[in-house]
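Heads up, the thing below is written out as structure tokens.
Coordinate-derived values only; no laboratory data. Here the structure is a predicted model, which means the values were calculated and not measured. All Cβ positions, even for glycine, are placed from backbone atoms using ideal geometry, and neighbour counts span all protein chains on display.
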Amino acid sequence: MTSTDVDALEAFATRAIEAYGASKDVAQTVSNSLVSADLVGHSSHGVVRIPYYEAQANDGSLDPTATPTIESAGPFTQVVGGAAFGQITGRYAVEELIETANSHGVGIVGIRDSGHLGRIGEWANRVTEEGLLFMSWVNLQGGAQRIAPPGTADRRLGTNPITFGVPTFDALPFDLLYDGATSQVAHGKIIERDGSGETLPVDWTTTGSGDPVEYAADFEEGIGALLPLGGRETGYKGFDLAVMTELFASIIGDGPVSAKEDQNWQGNGAAFIAIDPEIFTTREELSIRVKALSEYIRSAEPIEDSLEVLLPGEPEYRTSEERRQNGIPIEDAVADGLRNLANELNIEHELPTSLR
Ligand code: NAD
């Protein structure tokens with residue numbers, strides 16, 4: 001594990017993305033999103049993805065020069081499409097969403113055929129920054145199938161994340177944010193361990209025998225599946241949420257669902273909703289309720305001294321505060337992947353010093 005300076009990592013990521021065909025502006029925007037995921041602790045959605053996006057640019061499923069377009073619109077709705085980087089489409093979609101919610105009190109944006117939208121919490125945070133409520137359902141449009149229905153080990157659905165954001169104004173130093181896959185963990189957490197030699201936690205995956213998949217490399221070769229959120233006993237809840245997410249993203253984004261085994265598309269469809277809370281209450285009242293709720297929740301006594309009550313989004317807030325000071329830790333396997341990519345693209349000299 002190597003600690004890497006935030007700005008040096010972002011500069012390298014920009015050069016790498018430019019080297020596989022994006023303009024400087026696009027490369028900077030994408031790398032800023034990836035490094036912001038590393039910064040908040042979701043390295044599964046950070047620079048580890050750069051080699052994967054390169055492979056998609058090479059096989060044509062991602063067009064580094066594409067720009068998102070509005071494919072249809074109603075009074076307070078839009079559907080945004082185009083196989084651009086998801087970081088570009090996501091940003092475009094939330095700016096449309098914010099403008100609509102500010103004018104109409106509510107905005108709904110569907111997304112179809114986007115590149116990988118990355119860490120959905122980034123889009124939620126952008127909306128809560130504007131004092132708006134956010135919720136979203138994101139699917140993989142039938143590609144990247146990883147979740148098995150309960151009682152099976154057959155991959156049928158993507159890791160379909162659900163995200164909610166609540167602005168907290170002056171009640172807390174961060175906005176409340178729930179942002180999680182409907183599988184036990186995001187697939188990126190397996191990708192991060194690929195090549196590390198570590199065994200996977202037993203409650204993440206299952207094989208046909210009911211035993212877990214041992215190594216990330218086996219999972220990447222197609223062995224077993226991710227258990228739905230809730231695991232072996234109560235995974236039916238996560239699975240049902242994944243099915244509903246598949247449909248909300250598909251209906252509002254007007255894109256495909258997971259319906260057969262060989263759907264290779266690796267991007268996202270989505271339904272993003274923003275609501276102005278001031279239609280229903282005042283900012284002052286919202287702050288009072290958030291403060292009362294969070295203080296009451298935090299008054300629960302931890303069972304062990306090492307445990308602490310945290311609120312949704314608080315781990316990410318704390319991690320980003322710490323990493324801004326001390327740099328971003330990069331796993332050895334991820335560092336190897338970046339070195340290989342730098343070598344292939346002839347930009348070894350652009351690697352942050354700590355990764356050379
Ligand atoms: P996770 O399990 O790390 O976190 C899920 C949520 O739990 C977060 O909101 C976090 O703030 C909260 N949390 C964590 N620890 C907590 C605690 N102790 N107390 C209270 N709350 C706590 O997330 P994940 O499911 O592994 O997903 C990681 C990322 O992957 C997310 O950003 C998600 O958007 C992204 N993702 C993207 C895609 C895609 O296709 N674009 C697919 C799946 C996941």
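Cut-off 10 angstrom, C-alpha nodes, Gaussian network model of the chain. Which of Phe239, Phe85, Phe76 fluctuates the most?
With Cα springs under 10 Å in the chain, the top fluctuation among Phe239, Phe85, Phe76 is at Phe76.
Pick from Ala66, Ala171, Ala292: which residue has the top mean-square fluctuation in a GNM of the chain where Cα pairs under 10 Å get a spring?
The residue that fluctuates most here is Ala292.
Cα convex hull of the chain: mean projected area in nm², to one decimal?
Answer in nm², one decimal: 18.2.
Could you run the Debye sum over the Cα atoms of the range 8-106, one equal point scatterer each and no solvent, and tell me log10 of I(q)/I(0) at q = 0.10, 0.12, 0.17 Å⁻¹, two decimals?
Debye intensities relative to I(0), on a log10 scale: -0.31, -0.44, -0.78.
Quick one: putting +1 on the C-beta of Lys and Arg, -1 on the C-beta of Asp and Glu, what dipole do you get for the chain around its Cα centre, in Debye to the nearest 20?
Once rounded to the nearest 20, the dipole reads 500 debye.
Cut-off is 10 Å between beta-carbons; in what order do Tyr296, Tyr317 appear when sorted fewest neighbours first?
Ascending Cβ contact count within 10 Å gives the list Tyr296, Tyr317.
Using a Gaussian network for the chain with springs between C-alpha atoms less than 10 Å apart, which of these wobbles most: Glu308, Glu214, Glu321?
Glu308
Just grab the label-to-label distance for Val202 and Asp25, each label 7 Å out from Cα along the Cβ direction, in nm (one decimal).
Using points 7 Å along Cα→Cβ, the separation is 5.4 nm.
Over the range 205-356, what is the relative contact order in whole percent, taking alpha-carbon pairs under 8 Å and six or more residues apart?
Relative CO of the range 205-356 lands at 8 percent.
Among Gln78, Gly121, Ser294, whose Cα sits farthest toward the positive end of the charge dipole of the chain (+1 at Cβ of Lys/Arg, -1 at Cβ of Asp/Glu, about the Cα centre)?
Sorting the options by dipole projection puts first Gln78.
State, as an integer percentage, the relative contact order of the chain based on alpha-carbon contacts under 8 Å between residues 6 or more apart.
Normalised by residue count, the contact order of the chain is 23 percent.
Which of the three applies to the range 213-272, rounded, prolate or oblate, going by the alpha-carbon gyration tensor with a ≥ b ≥ c and a/c under 1.5 meaning rounded?
It comes out oblate by the Cα gyration axes.
Which percent of the Cα-Cα distances in the range 133-224 go past 19 Å?
Percentage above 19 Å: 48.
For the range 292-356, what's the radius of gyration and Dmax over Cα atoms, in angstrom?
Considering the range 292-356 through its Cα atoms, Rg and Dmax are 19.3, 55 Å.
Which of rounded, prolate, oblate describes the range 18-59, given a ≥ b ≥ c as roots of the alpha-carbon gyration tensor eigenvalues and a/c under 1.5 marking rounded, otherwise prolate only if a/b is larger than b/c?
Here the range 18-59 falls in the oblate category.
How would the range 244-350 be classified by its alpha-carbon gyration tensor: rounded, prolate or oblate, with rounded meaning a/c under 1.5 and the a/b versus b/c comparison settling the rest?
oblate
Using Cβ counts within 10 Å as a stand-in for footprinting exposure, how do Met1, Met244 rank, fewest first?
The most exposed by this proxy come first: Met1, Met244.
Could you work out the relative contact order of the range 119-210? I mean the mean sequence separation of Cα pairs under 8 Å and 6+ apart, divided by the number of residues, in percent.
Once normalised by length, the contact order is 26 percent.
Compute the length gained on full extension between Ala300 and Ile70: take 0.36 nm times their separation in residues and subtract their Cα-Cα distance, giving the result in nm to one decimal.
78.1 nm
Determine, at each q value in 0.19, 0.23 (inverse angstroms), the log₁₀ of I(q)/I(0) that the Debye formula gives when each Cα of the range 80-141 is one equal point scatterer.
Values, matching the q order: -0.65, -0.93.
Out of Thr67, Ser209, Pro352, whose Cα points farthest toward the positive end of the dipole of the chain (charges: +1 Lys, Arg; -1 Asp, Glu; placed on Cβ)?
Farthest towards the positive pole: Thr67.
Counting only other residues whose beta carbon sits under 10 Å from that of Gln184, what net charge do I get with K and R as +1, D and E as -1?
Local net charge: +1.
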